[in-house]
């Protein structure tokens, strides 16, 4: 949560000074979504990526094990911090809200609070899922593996569609349409958090 908040805060507060163009980041994210979607839709690409990634994953696993042996709990905190930094670009709307607050000259404390609240919210959900799912995962492993194959196709299609929507600007048109046609109470409820 700290690494994610710090990364988002730096981007929001100093992104323009650092030369970070939000449109470039938006388009790069959309292209990555499209590429991941395509890989999830084509099994041959999944196999190729798996062959390429296996040595890197093995190296990362060895490094994590060595870090666990040497640093224990602090090593896990470091791994989590690195994951928080890597994860920061995945939360476009929250990062966008923080960048917008910073661009408007709002209090940077409010920017940090938005990022921290999001990070705490998502990490809490992940912890609840982890504790609740421990026993269920062992019992449902076979069913989950079967559903995973279908889920890859659905997820791949959705990621490809979202990436295309972002690249073409359809996402903003859809957002404007929904804001114009949804009842005010829905908009008020969704922005109250």
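The values are calculated or read from the model by the stated rules, or taken from the named source; none is laboratory data. All values derive from a computational prediction rather than experimental measurement. Reconstructed Cβ throughout: ideal geometry from the backbone, glycine too, with neighbour counts over all protein chains shown.
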Flag if residue 75 is modelled with pLDDT under 70, within 22 Å of residue 127 (Cα to Cα) and in a helix (DSSP H, G or I): yes
Number of the condition not met by residue 59 [criteria: (1) surrounded by 14 or more Cβ atoms within 10 Å (Cβ to Cβ); (2) modelled with pLDDT of 70 or more]: (1)
Any hit, the range 150-162, residues being modelled with pLDDT under 85, exposed (fewer than 12 other Cβ atoms within 10 Å of the Cβ), more than 19 Å from the chain's Cα centre (by Cα) and not in a loop (DSSP other than H, G, I, E, B): yes
Filter result for residue 12 (touching a helix residue (DSSP H, G or I) at 6+ places or on another chain (Cβ under 9 Å) and at pLDDT 70 or above): no
Test result for residue 172, under 20 Å from the mean Cα position of the chain (by Cα) and surrounded by fewer than 12 Cβ atoms within 10 Å (Cβ to Cβ): yes
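A quick yes/no check of all residues on (1) under 18 Å from residue 29 (Cα atoms); (2) touching a helix residue (DSSP H, G or I) at 6+ places or on another chain (Cβ under 7 Å); (3) part of a helix (DSSP H, G or I); (4) modelled with pLDDT of 70 or more:
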| site | (1), (2), (3), (4) |
| --- | --- |
| 99 | yes, yes, yes, no |
| 106 | no, no, no, no |
| 114 | no, yes, yes, yes |
| 121 | no, no, yes, yes |
| 128 | no, no, yes, yes |
| 143 | no, no, yes, yes |
| 177 | no, no, yes, yes |
| 190 | no, no, yes, no |
Breaking point among (1) at negative phi; (2) surrounded by fewer than 14 Cβ atoms within 10 Å (Cβ to Cβ); (3) modelled with pLDDT under 85, for residue 19: (1)
